[in-house]
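As structure tokens, the structure follows; a few thoughts come after it.
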Amino acid sequence: MTHPEAEDLGQLSGLQLAIMRAIWQRGEASTAEVVASLADSRDLAHTTVGTMLSRLERRGLIESRKAGKHLVYRATVAETEVKRSMVSEFLDRLFDGDAKALVAHLVRERDVRDTDLDKVRELLKKKGSDHV
């Protein structure tokens, strides 16, 4: 199994990410199954999804196997790896790698519920006690 370069993981378009999510949710999926799973949010031609799947496969993010007349795709990278890479790239590009600036921006610019803030405090407290 080939693993794509870490920096390549952060370079997914919205459509590519939606396709990856469909595959992660199912474990394996044919082109038709991906089209069906995206049908509620996107009106996509079978050929468009097929092209995107081919590109994702060339990049090493998914692999395919023959199942009868069709190809079935599965992810070669975990969703957590992609999230980590995308967030890291986002942090670097928009906030020069400054996590404090990102958190401050989110708290200032988003309507954050008190329960969410409590959960963040718990995570920070746990993270701090892990280093003691």
Qualifying trypsin sites (Lys or Arg not before Pro) for the stretch 68-132 [loop in DSSP, other Cβ within 10 Å: at most 14]: LYS69, ARG110, ARG113
Going by Cα centres, the stretch 78-103 and the stretch 12-43 are how many Å apart? 23
Once amide hydrogens are built 1.01 Å from N within the peptide plane, the residues lying 5 or more places from ILE62 or on another chain with amide H under 5 Å from its amide H are GLU57, THR76
Residues whose modelled amide H sits under 5 Å from the amide H of SER30, counting only those 5 or more places away in sequence or on another chain, are TYR73
Can you tell me the orientation of helix 79-95 relative to the chain, as the angle in degrees between its alpha-carbon axis and the longest Cα principal axis, to the nearest 10? 50
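In square nanometres, what is the average projected area of the Cα convex hull of the stretch 6-77?
Mean shadow area of the hull around the Cα atoms is 4.5 nm².
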So what are the ³J(HN,Hα) numbers for the stretch 11-27, from phi and the Karplus equation (6.51, -1.76, 1.60; θ = phi - 60°), rounded to whole Hz, Gly and Pro as x? 9, 9, 6, x, 5, 4, 5, 4, 5, 4, 4, 4, 5, 4, 5, 8, x
Among [x] 1.07; [y] 1.03; [z] 1.00, the entry derived from the coordinates for Rg/Rh (Cα atoms, Kirkwood Rh): [x]
Work out from phi, with θ = phi - 60° and the Karplus expression 6.51 cos²θ - 1.76 cosθ + 1.60, the ³J(HN,Hα) of each residue of the stretch 105-115, listed in order in whole Hz, and give x for Gly and Pro. 4, 4, 5, 6, 9, 10, 7, 9, 6, 4, 5
Counted neighbours (other Cβ, 10 Å), sorted fewest up, put VAL49, VAL35 in the order VAL35, VAL49
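Every number in this text was worked out from the coordinates using simple rules, so none of it is lab data. Predicted model only: the values in this text are computed from it and were never measured. No Cβ is skipped: glycine too gets one built from the backbone with ideal geometry, and neighbour counts run over all protein chains shown.
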